[in-house]
Amino acid sequence: MKALIYWALGGIGGIQRMYPFTIKALQSCGYDVHVATSYDINPEDVIKYHGVKISNVHIIKFPRLSCDKFYSIPCDLINTTISATKFLSMIDGYDLVYVDTPYVGPIFKYSVPRHNNLVFYLHAPIERSKPVIPIAKPHRILMHAYLASGTNYDIIRNARLVLANSKFTAYITEKTLGVKPRVLYPPVDVDLIAKYRSNDREDAVVFFARLSRAKGPEQAIMIAKELVREGFNPKVYIMGSVSGQIGSLYVSSLIKLVRSLGLIRNVIFVINPSITEVYSILGRSKVFLHFREHEPFGIVIVEAMAAGAVPIVPRSGAPWHDIIEYGKYGIGYSSIEELVKAVKYLLSGGYNEYFRRTISRAYSFNVDKYINEFCKIIKNVPDYS
């Protein structure tokens, strides 16, 4: 049997880390796996940035424009269209096709017959029955206009199987589309991360995400300022991927902010870290900060827990409902004041109350469970061909 995976995102992140784990899962299910992508994928980088060894994979590389040479938004749209067209033109040669982005939807609707064994994985809930153009986010207008022009999420409605990364995502999507996804939590290699877990913990706080304004790294800087003002001497690690000129300029502005606040000894930037760097820092830190409200899941939260860092998350979305289960395995907050109070509590001895059950909870998302559950679901879903 042959399976085709559409590797739709480049860079470093939770979604990107799922691709190699899904390759391993499909191989465990007995599939000969092919990967279609417009990005440069090589096994050495997959190990370095995702901590996953992949082998016996056929990689089909699509042409891609360099967006550093063009205005990035139309360039991204061109690349998306090229990749989606090429990908969907080849799916009929496979027994199973794995897709996790709706941006192939317009091409799917107009150009290609439906594929009977398409599996769609939802990384976020579908909140409207038809895509809309977000006027409040002008940088996304072109991409969403493209999406809205040709789809009512037909690729999801017509999939053989729809999977969701959390109960939160599944619930909202079912209400919106009338499609009931199966929940399959994203995988985390807890056994690998455990090797980096240290008994000697620093008074360190970690923020790890793509370094963009939307992820809120400025909040980590302001928390560092508040901790220092109240007599703490923490290390605050700001880690994440940066790409392109816009990303570099944004990080430069963060560094200037840190210098202006006199926090250069407390705030440490780790740019485009390897997976070893990420796990080593998490493995000796006490606190992990997460800022995004209504997060559909949050793989990095589980990775932090596996490393022994106690997460502090908003009281919303999957981090609160699915991962830390309403405060049982971490701390929730609804205001900046509550967030700062939680950080101070953990750095002042409260860490010892949480860390054992935090680590224990992480094993609920171990990669072995993901692979076994994935194969079980695939095996028991009727073949529509």
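The values are calculated or read from the model by the stated rules, or taken from the named source; none is laboratory data. All values reported here derive from a predicted model rather than from experimental measurement. A quick note on method: Cβ atoms are made from the backbone with ideal geometry, for glycine too, and the neighbour counts reach across all protein chains shown.
Matching residues to (1) in contact with a Ser or Thr (Cβ under 6 Å, 6 or more places away or on another chain); (2) at positive phi:
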| residue | (1), (2) |
| --- | --- |
| V251 | no, no |
| S260 | no, no |
| V267 | no, no |
| L282 | no, no |
| K286 | no, no |
| E293 | yes, no |
| G298 | no, yes |
| I331 | no, no |
| V340 | no, no |
Flag for E277 being closer than 25 Å to N199 by Cβ, in contact (Cβ under 8 Å) with a residue 60 or more places away in the chain and among the charged types (D, E, K, R): no
Just one of (1) surrounded by 17 or more Cβ atoms within 10 Å (Cβ to Cβ); (2) out of contact with any helix residue (DSSP H, G or I) (no Cβ under 7 Å at 6 or more places or on another chain); (3) at pLDDT below 95; (4) among the hydrophobic types (A, V, I, L, M, F, W, C) trips up A214, so point out which. (1)
Of the residues V310, V278, which is farther than 19 Å from V228 by Cα, within 16 Å of the chain's Cα centre (by Cα) and in the same structural domain as V236 (by TED's automatic domain parsing)? V278
Among the numbered criteria (1) of a type outside the set (K, R); (2) out of contact with any Pro (no Cβ under 8 Å at 6 or more places or on another chain); (3) outside any strand (DSSP E or B); (4) closer than 18 Å to V236 by Cα, which one does I301 miss? (2)
Collect the residues in segment 10-52 that are surrounded by fewer than 17 Cβ atoms within 10 Å (Cβ to Cβ), modelled with pLDDT of 80 or more and touching a helix residue (DSSP H, G or I) at 6+ places or on another chain (Cβ under 7 Å), keeping them in residue-number order. S28
Would a scan of segment 98-110 turn up a residue that is surrounded by 17 or more Cβ atoms within 10 Å (Cβ to Cβ), in contact with a helix residue (DSSP H, G or I) (Cβ under 9 Å, 6 or more places away or on another chain), in a loop (DSSP other than H, G, I, E, B) and modelled with pLDDT of 85 or more? yes
Identify the residue in segment 320-349 that is in a helix (DSSP H, G or I) and without any contact (Cβ under 8 Å) to a residue 12 or more places away in the chain and, among all such residues, is nearest to D189 (Cα to Cα). G349
